[in-house]
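Notes to accompany the following structure.
The values are calculated or read from the model by the stated rules, or taken from the named source; none is laboratory data. Since this is a predicted model, take the numbers as computed values, not measurements. Please note: Cβ atoms are built from the backbone with ideal geometry, for glycine as well, and neighbour counts cover all protein chains shown. Side chains are part of the model used for accessible areas, which takes the heavy atoms of the whole protein and leaves out ligands, DNA and RNA. Shrake-Rupley method; radii C 1.70, N 1.55, O 1.52, S 1.80 Å.
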Amino acid sequence: MNARDVAVRFACEGEDLIGVLSLPERPQRRGVLVVVGGPQYRAGSHRQFTLLARGLAEQGYATLRFDYRGMGDSGGALRSFEQVDADLRAAVDQFFTLVPTLEEVVIWGLCDGASAALFYAHQDPRVSGLVLLNPWVRTAEGLAKATLKHYYRARLLEPELWKKLLSGRFAFRSAAASLLAQLRTLLARRPDASDAGREPAGAAAAPLPERMRLGLQRFGGPALFIFSGADLTAKEFLDLVADSRDWQALLKDERVAQHHLAPADHTFSRRAWRDQVTQWTADWLRTFARAD
């Protein structure tokens, strides 16, 4: 289907936000809002979001991508992914204005864009689904565990490491210091695996993984998770799920689907990986009906 890109400018709390709408000739009633993970702008790494938006538009899904306040060409002060609810609401408002036939929006987010989507989605009934790639659940403990479990194991299999060892060029002192630092972080506060039914005293004060879990639980709509196999952020999230019965229950729910792309890096930098993500997204968009 033919599609075109349209430059977009809209307001958010007195600041101008800049975006691009990829608009098909005959848009579906379901559109896609791309939430950019930071620090990036609407094009994404190696034009990831540009090509995603155009690919979805060619399959009939109007797709809007934009810069948060303080990022890219948008005005205002820089803010974190935990402070962009107003930006997302303004973008959804503008999306419905630009595409009058639109009835619902799916939010697509990578990394901390996925985390921002989880914080926002349950607050807006116009959001009917979530596509979440390599969600950012970073904690010091989670990073230490993922590094020890995945990074060091992979390093032991690298020929370059053994070449350095045999040639005497390996920096034992700095490597040992890094390893000990990770171990101290992990042992200082082990994750609590018996968290079934546990609710934080206040959602706003809860750790990032708990706030994200509550966001998905409160949203209640369909969600597609996509994980890269060669990405420490994805490994950290999957380790969290393995340690949490609450997260496991959520991801086993029939409304949640998953795809794993074993060779892919964090941003799906190769064409084959990027195209696979676009097709998985488009296929999934056709699988569910709006709950109401």
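Protection proxy ranking, highest mean first, for peptides 252-264, 235-247, 122-134: 122-134, 235-247, 252-264, where packing is the per-residue count of other beta-carbon atoms within 10 Å, averaged. For segment 1-112, the residue among 92, 45, 24 whose Cα projects farthest onto the positive side of the dipole built from Cβ charges is 24. Shown here for segment 1-73: GluC sites (Glu not before Pro) in loop regions (DSSP other than H, G, I, E, B) with at most 15 other Cβ atoms within 10 Å, namely 13, 25.
When only alpha carbons of segment 1-141 are considered, Rg and Dmax amount to 13.9, 48 Å.
Counting every alpha-carbon pair across segment 55-135, the share separated by more than 18 Å comes to 42%.
Keeping the other protein chains in place, figure out the carbon and sulfur percent of the accessible area of segment 222-267, with a 1.4 Å probe. Answer for segment 222-267 is 55 percent, counting heavy atoms of protein chains only. In terms of packing, defined here as the mean over residues of other Cβ atoms within 10 angstrom, the peptides 90-102, 31-43 line up highest first as 31-43, 90-102.
Partner lysines whose Cα lies under 20 Å from the Cα of residue 145, excluding those fewer than 8 positions away in the same chain, are identified as 235. Heavy-atom accessible area with a 1.4 Å probe sorts 108, 284, 136, largest first, into 136, 284, 108. Counting only the Cα atoms, segment 1-59 fills a convex hull of 94 Å³ per residue.
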